[in-house]
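These notes are about the structure you will find just below.
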Amino acid sequence: MSNYQRNTSVVVCIFAVIIIGAIGIGALSFYGTNWFNWSTASTDFHFDAEVGATTGTVTLDIDLGVGGVSIIFVDNATLLYDIDIEVQNNTLERDGNPSVTFTSNTIGLDYTAAGVNITLGSGVNYTLAVDVGTGGVDVELVDGAHIGDVSIATETGGIDLVMTDDVVILGNATFDLDTTTGAVSVIADFPTGLGGSVECAAAVGGVDITASGWVQITSNHYETTDYDTASQIVTFVIETTTGGITAIFT
């Protein structure tokens, strides 16, 4: 078996573990600690839009008090967004129905507690701004995603991000992943010619960075060998106050 096949198998296995973990984080955050005894009825909401005449960069702006958020890209040039939201009925009675807006090239969702699955297409460029109070966030930059700056923050909960080498990066992008209490996991396969930097900080918890072929600047800071000469740079800033960080870069 070739080294490429072995490495691919390892990445696939790690990816599967991350996805399972993210689902668990989101589910437990949304449904609470009585997950196995949960019986409250819920209601599903669906929102979607096509790219149409939309041009320029579109920002996905999510502000969720409690819940799980999953974001994935698909190779569909006509799709602007497809969003499914599950809300417990007692939350609906208290806070009303959730709504998704699209104004000034910003897809907006601001709600108290829900499980949110978001699918974005390949027809426009996106930036991400996701803020969750208590819950998990899972982002998959795959299938030719066109992506610029990414900002993901949680107060209590995990963050998982996967990036494949078929993404299209917009300019010099910054990926800022920040949680107060929770673990952060990143797997990033850089496109050829893209420079990169990753810097991690954990006040309480371990940092594990695997960056084969990269240059170690400090114990928690690595850069690609072409960092100073590459025409484009992606900078990862990963922070947690209490929790572990695992980052794999190729």
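The values are calculated or read from the model by the stated rules, or taken from the named source; none is laboratory data. Being a predicted model, the structure only gives us computed values, none of them experimental. Glycine also receives a Cβ, built like all others from the backbone with ideal geometry; neighbour counts cover every protein chain displayed. Note: areas computed on protein heavy atoms with side chains; ligands, DNA, RNA excluded. Shrake-Rupley method; radii C 1.70, N 1.55, O 1.52, S 1.80 Å.
Report whether or not D138 is part of a strand (DSSP E or B), surrounded by fewer than 23 Cβ atoms within 10 Å (Cβ to Cβ), modelled with pLDDT of 95 or more and of a type in the set (D, E, K, R).
no
Any residue at all in the range 94-103 that's within 13 Å of S70 (Cα to Cα) and hydrophobic (A, V, I, L, M, F, W, C)?
Within the range 94-103 (the criterion being within 13 Å of S70 (Cα to Cα) and hydrophobic (A, V, I, L, M, F, W, C)), the answer is no, since none of the residues qualifies.
Among the residues of the range 86-124 satisfying the criterion of being out of contact with any Gly (no Cβ under 6 Å at 6 or more places or on another chain) and among the small types (G, A, S), which is most open to solvent (accessible area, probe 1.4 Å)?
By that ranking, first place goes to S104.
Can you name the strands (runs of 3 or more DSSP E) wholly within the range 48-135 that have at least 2 residues being in contact (Cβ under 8 Å) with a residue 60 or more places away in the chain and more than 18 Å from T154 (Cα to Cα)?
Details: elements: 57-73, 79-88, 100-103, 106-120, 125-134.
Answer list for the range 48-135: 57-73, 125-134.
Which residue is least open to solvent (accessible area, probe 1.4 Å), if the candidates are limited to the range 141-164 and must be touching a residue at least 60 places away in the same chain (Cβ under 8 Å) and either in contact with a Cys (Cβ under 8 Å, 6 or more places away or on another chain) or acidic (D, E) (or both)?
D160
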